[in-house]
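Structure first, commentary second.
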Amino acid sequence: MDIWDLDMPAAPRAAAIEMCLDELLLRRFTAAEGALPPRPLLRIYRIRPAAITVGRTQRPGEGYHAAVCYARRVAAVRRPTGGGTVLHGTDITISLLVPRHHALARSRPREAYAEITGVIAQALQAVGVASVFGSALRDQEVARGQPAPPRKATACFSLMEDHEIQVDGHKRVGVAMRQSRRARLFQGSVLLASPPADLRICMPDAPPAGLRPLPESELLRTLPLCFAAAFDLTFTLVQTLSHPKKPTSAAARVLRHVHSQDHY
């Protein structure tokens with residue numbers, strides 16, 4: 001039986017802090033040369049206040065209205081991983097770091113994505129929410145002779161990939177990845193509900209109004225159990241950030257140069 005570390009902060013934190021943490025943890029995994037590699041680390045957290053995260057390769061201002069965000073004091077923060085723009089505040093964020101010797105780091109990205117979103121689908125099922133994978137939707141379209149034309153989108157929840165998850169006709173789970181020399185970082189978002197109207201106007205392709213709310217507290221309890229069952233593991237509870245208002249000097253540098261809004 002494998003052992004992973006599990007970090008589940010009791011209170012939500014700012015997007016800049018969480019993205020900074022994921023970046024620093026990836027660097028720590030990558031720097032573990034000649035030493036015992038760190039154990040896989042699963043982090044399940046919530047972001048408050050509402051904020052936008054932008055994929056690592058997106059251009060400044062891509063996928064969100066910078067002036068509207070500024071007027072509403074909605075921070076725009078760059079993620080360590082790729083993918084499209086995500087509006088946080090009504091979601092659960094999942095971060096998984098695995099060292100290069102782990103099966104999730106050695107497998108093809110599409111296969112690794114499918115394993116992770118498969119666990120999330122099991123958690124949704126456990127709390128009574130039926131879901132559909134993008135691959136199943138694509139197969140249905142092909143069977144009807146009506147395959148959807150490929151399209152480009154700047155927002156994560158406006159484009160459905162095969163491994164991602166839809167509930168009631170709307171995408172509710174998106175996942176992105178970053179590969180380093182010695183580790184892989186996966187970041188995923190489970191959209192719990194529609195963002196408020198005054199936040200949806202921050203993005204041209206924001207999630208729509210009227211989404212069925214998903215049970216936040218039940219999912220927070222169920223997700224670690226489903227990961228433990230799927231990968232045959234136990235967790236050691238850890239705390240990756242003891243004093244969120246006093247980042248280390250390394251964290252401060254990452255916040256200032258990589259993830260801060262001034263970077264744009």
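The values are calculated or read from the model by the stated rules, or taken from the named source; none is laboratory data. Source: prediction; values computed, not measured. Positions of Cβ are generated from backbone atoms using ideal geometry, with glycine treated the same way; all protein chains shown enter the neighbour counts.
One table, with the values for the structure above:
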{"quantity": "Hits in the stretch 191-229 (condition: of a type in the set (A, V, I, L, M, F, W, C) and either loosely packed, with under 15 Cβ neighbours inside 10 Å or in a loop (DSSP other than H, G, I, E, B) (or both))", "calculated": "Leu192, Ala193, Ala197, Ile201, Cys202, Met203, Ala206, Ala209, Leu211, Leu214, Leu225, Ala229"}
{"quantity": "Residue that is among the β-branched types (Val, Ile, Thr) and over 15 Å from the mean Cα position of the chain (by Cα), where the choices are Val77, Val86, Val54, Val68", "calculated": "Val68"}
{"quantity": "Strands (runs of 3 or more DSSP E) wholly inside the stretch 24-78 containing at least 1 residues that are touching a residue at least 40 places away in the same chain (Cβ under 8 Å) and over 18 Å from Cys156 (Cβ atoms)", "calculated": "41-45"}
{"quantity": "Within the stretch 75-124, tally of residues that are of a type in the set (A, V, I, L, M) and more than 26 Å from Pro207 (Cα to Cα)", "calculated": "5"}
{"quantity": "Long-range neighbours under 6 Å by Cβ, at least six apart or interchain, first residue over 19 Å from Gly55 (Cα atoms) and in contact (Cβ under 8 Å) with a residue 24 or more places away in the chain within the stretch 176-204, second among the β-branched types (Val, Ile, Thr) and assigned to a loop (DSSP other than H, G, I, E, B)", "calculated": "Leu192/Thr90; Ala193/Thr90; Pro195/Thr90"}
{"quantity": "Identity of the residue in the stretch 10-49, modelled with pLDDT of 95 or more and within 21 Å of Ala228 (Cβ to Cβ), that ends up farthest from the chain's Cα centre (by Cα)", "calculated": "Pro40"}
{"quantity": "So Phe157, is it modelled with pLDDT under 95, crowded, with 21+ Cβ neighbours inside 10 Å and touching a His at 6+ places or on another chain (Cβ under 9 Å)", "calculated": "yes"}
{"quantity": "Qualifying residue in the stretch 170-190 (condition: of a type in the set (A, V, I, L, M, F, W, C), over 23 Å from Leu6 (Cβ atoms), surrounded by 17 or more Cβ atoms within 10 Å (Cβ to Cβ) and out of contact with any Leu (no Cβ under 8 Å at 6 or more places or on another chain))", "calculated": "no"}
{"quantity": "Some residue of the stretch 52-63 being among the aliphatic types (A, V, I, L, M), surrounded by 15 or more Cβ atoms within 10 Å (Cβ to Cβ) and farther than 21 Å from Phe227 by Cβ", "calculated": "yes"}
{"quantity": "Residue, nearest to the chain's Cα centre (by Cα), within the stretch 89-117, restricted to residues that are part of a helix (DSSP H, G or I) and of a type in the set (A, V, I, L, M)", "calculated": "Ile116"}
{"quantity": "Residue, nearest to Phe227 (Cα to Cα), within the stretch 156-205, restricted to residues that are more than 14 Å from the chain's Cα centre (by Cα) and of a type in the set (Val, Ile, Thr)", "calculated": "Val167"}
{"quantity": "Filter result for Ile120 (in contact with a Gly (Cβ under 8 Å, 6 or more places away or on another chain) and either buried (at least 19 other Cβ atoms within 10 Å of the Cβ) or not in a loop (DSSP other than H, G, I, E, B) (or both))", "calculated": "yes"}
{"quantity": "Any hit, the stretch 207-221, residues being in contact with a Gly (Cβ under 8 Å, 6 or more places away or on another chain) and closer than 27 Å to Pro38 by Cα", "calculated": "no"}
